[in-house]
Structures are given as C-alpha cells and as structure tokens.
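> Quick one: the structure is below, questions incoming.
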There are 2 protein chains.
Amino acid sequence: MMDMPAPSLDDMLCFAVYSANHAFNRVYKPMLDRLGLTYPQFLAMMCLWQQDGQTVGQIGDRLFLESSTLTPLLKRLEAQGLLTRRRDHTDERVVRLHLTPAGLAMRDSLPELQACILEASGMTLEGMGDLTRQVAALRDHLRLPA
Amino acid sequence: MMDMPAPSLDDMLCFAVYSANHAFNRVYKPMLDRLGLTYPQFLAMMCLWQQDGQTVGQIGDRLFLESSTLTPLLKRLEAQGLLTRRRDHTDERVVRLHLTPAGLAMRDSLPELQACILEASGMTLEGMGDLTRQVAALRDHLRLPA
DNA sequence: ATCATATAAATCGTGCGCGATATGGTCGCA
DNA sequence: TGCGACCATATCGCGCACGATTTATATGAT
C-alpha cells in the first residue's frame, strides 16, 4: 500500500483560510482604526446596519459567535456611543440592540472601505463574488453535524 | 450616478473567510483535544514536522505570526514535552526548536486528521487543492504593501 | 398555582493575536 | 576597543473566541 504523502502547510485549505483571514484583518486594521472599531466590532455593526433592533442571539446566529464573545464586544460599542442595549419589554431575557445616530452615520464609510478591500484583493468583483460563494459553501458544509 | 448597493455580510469575501476559519477551528477542536493541542499549536507542529530545528522567526515567517504570539505558544508546547527551546550556540539571539520523540510521534495522527477534514469539507481532493490555491493567492495579494 | 424544563445573556478562565516596548546579542566601523 | 545600528526574542496590555457555568426569565405540564 502506498501512503499518502504528508501534506505540507501550503497544501492545506485550513491554513490558507487561516492565513487569509489574518491578512484581511491586517488590511482592515488601519482603516477601522480611524473609525475606532475592531474587525469583529465592524462585523457586528454590519449586522445592525442591515437590520436595526436585533437581539444578541440574532447577531450571534449571523456571525456564528457565542454570547460570551458578543456581550463584552457589544458593551464596548455601547461605551463608544454607537448603540444601545435594552431588555425587550415583552421578553425580559432578550437584549435588543439599537444604533445611535453616531452608529448609523458610520455606515457612510462603508463604500470607501469596500473599494479599498476590492483593490487590495487584486480581484474583480465577479471573481470576489465567485470565491465568496465557494468559501461560504465550504463553511456551511463544515458546520453540518458530523 | 448610481450608488453601489450596500453589500450584506453574505456578499463579503472577508466574512466568508472569517466564518470559514472559525468553522475549521470547530471541526478540528474535538480531534485536537485528544492530542492536547490547540489549532495554532497544531500549525506550529506542522512546521516542525516538515523541518525540525527551525527558529522562532522561521516559524513566524511560515505562519505569518509575531514572536509575541509564538513565544507563549511554544512555551506551552515545551511544557507539554513536545519540543525543546534552546538558544543557538553560534548566535545567542536565536531560539531553535527541536521536536522531542513525543512531538515527533504525534505526526502519526496526521493522516487520520486529514481524512476527517476532507470528509467534513464535502469536497474532492482536487476541489480542495483548487480552492486552496485561490485562497492562498488572495492572501498573498492582500499581503502586498499598499 | 407550582414546579421542572428550557431559553437568553452574562460571567469566568484559558489561549490566541497584535502593537508597543524591553532585553540582550551581533556586527560594522571609527 | 568600543559604540551605534540592527536584529531576534520576550514581555505587557488589550480585545477576541470558546466551553463551562450562572442568573434571570419564560413556558408547559400537571
């Protein structure tokens, strides 16, 4: 029987994804620094720009994050004056998030941000859309129960 | 002039990569738990399985990580008895990493690990190789100086 | 009405990841 | 010989991310 050759890091999809994620982080950082956001905070803001008034759990479902990650992150956004956190009147277990005017206004920086990312990626819009779908499909398959 | 439509999270390559990375982490976790490794620790071990005796800086170049990340991680691997950290005799600034027999033996788990990942990804080997190259090319382009 | 179960967030401890800085070693050049 | 520039690693503080647990609220069965 032939053994499979031991794969090197460069052949491993998981490492490509791991290192590409870090590379994105580094590209975003200087731009987000000027907004006073971290990258995960930016993703949470994206959720709320898309739909205001979501709960912590809904943001978690969207971003695939636990409340143990989100609660402190959202408190920091609240401390920055970008959103409010209030218990829902009809279900006191739930915390609803609402953008402040400052939080909403920050959305205006999005187009420029997107343009920078597109340029840094060195891809076309179509190429990005295509790769996005492939990677999202991989993610969704990995998330299936074993 | 028409504005670009504000993209949602699902259209963003950065989020696809971010969430796919977390999804990989979650797939690896139960398997790595049995080895007593974290995912970044596993990546460091991959480097050393490929070439023993590398320096901290070489591992950092390979994984795109800083010494501030690697030093504590490598100390934990040393504490587990998987490798040794020794200053180089000819250049005392440099720390060289050498696998112990236990660290080397752990490599035997690799093939099974790879097989599990392949299955969890729901892809063919060719499909994985193809996507790996696309994502690595993206990473390398993002790493170019602006 | 009561109590068991379930659910949503929050809290805690550990490890990763970075930027800024510190420490100590090397090398070239006066 | 000694000093200044550079270099490799280590340390520190902050924020993310998780699993395990806790707290508070809601729901359902009897």
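Here, each number is a calculation from the coordinates, and none is a lab measurement. All figures in this text were calculated on a predicted structure; none of them were measured in a lab. Note that each Cβ is placed from the backbone with ideal geometry, even for glycine, and that neighbours are counted across all protein chains shown.
> Give the residue, chosen from B:GLY103, B:GLY36, that is farther than 30 Å from A:ALA136 by Cα and either within 16 Å of DNA strand C (Cβ to nearest atom) or among the polar types (S, T, N, Q) (or both). Please lay out each step first, then the result.
Working: B:GLY36 fails: farther than 30 Å from A:ALA136 by Cα.
Result: B:GLY103 is the single residue among B:GLY103, B:GLY36 that is farther than 30 Å from A:ALA136 by Cα and either within 16 Å of DNA strand C (Cβ to nearest atom) or among the polar types (S, T, N, Q) (or both).
> Give me a count of the residues in the range A:107-136 that are under 15 Å from B:ARG133 (Cα atoms) and either of a type in the set (Asp, Glu) or in contact with a Lys or Arg (Cβ under 7 Å, 6 or more places away or on another chain) (or both).
To start, the set of residues in the range A:107-136 that are under 15 Å from B:ARG133 (Cα atoms) comprises A:121-123, A:127-128, A:130-132, A:134-135.
Keeping just the survivors that are either of a type in the set (Asp, Glu) or in contact with a Lys or Arg (Cβ under 7 Å, 6 or more places away or on another chain) (or both) gives A:130.
Residues that pass the stated criteria total 1.
> Under 8 Å between Cβ atoms, which residue pairs at least 6 apart in sequence (or on different chains) link something in the range A:79-92 that is touching a residue at least 12 places away in the same chain (Cβ under 8 Å) with a partner that is part of a loop (DSSP other than H, G, I, E, B)?
From residues that are touching a residue at least 12 places away in the same chain (Cβ under 8 Å), the pairs are A:GLN80/A:GLY36; A:GLY81/A:THR100; A:LEU82/A:THR100; A:LEU83/A:THR100; A:THR84/A:THR100; A:ASP88/A:VAL94.
> Consider only pairs whose beta carbons are under 9 Å apart and that are at least six residues apart or on different chains; among these, list those whose first residue lies in the range A:102-116 and is within 11 Å of chain B (Cβ to nearest Cβ) and whose second residue is outside any helix (DSSP H, G or I) and among the acidic types (Asp, Glu).
A:PRO111/B:ASP3
> Test A:LEU113 against the stated conditions and say whether it is in a helix (DSSP H, G or I) and within 16 Å of DNA strand D (Cβ to nearest atom). Write out each step before concluding.
On the way: in a helix (DSSP H, G or I): yes; within 16 Å of DNA strand D (Cβ to nearest atom): no.
For A:LEU113, the condition - in a helix (DSSP H, G or I) and within 16 Å of DNA strand D (Cβ to nearest atom) - is not met.
> Something else now. Give the residue that is nearest to DNA strand D (Cβ to nearest atom), with candidates limited to residues of the range A:86-100 that are in contact with a Gly (Cβ under 9 Å, 6 or more places away or on another chain) and not hydrophobic (A, V, I, L, M, F, W, C).
It comes out as A:ARG96.
> Limited to the range A:98-133, what total is found for residues that are in contact with a helix residue (DSSP H, G or I) (Cβ under 6 Å, 6 or more places away or on another chain) and either loosely packed, with under 11 Cβ neighbours inside 10 Å or over 26 Å from A:ARG26 (Cα atoms) (or both)?
The qualifying residues number 1.
> Does the range A:66-85 include one or more residues that are of a type in the set (Gly, Ala, Ser), over 26 Å from A:CYS14 (Cβ atoms) and away from DNA strand D (no atom under 15 Å from the Cβ)?
no
Per-residue answers, yes or no, for (1) buried (at least 18 other Cβ atoms within 10 Å of the Cβ); (2) under 18 Å from B:ARG86 (Cα atoms):
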residue	(1), (2)
B:PRO30	no, no
B:LEU37	yes, no
B:PHE42	yes, no
B:MET45	yes, yes
B:LEU48	yes, yes
B:ILE59	yes, yes
B:ARG62	yes, no
B:SER68	no, yes
B:THR71	no, yes
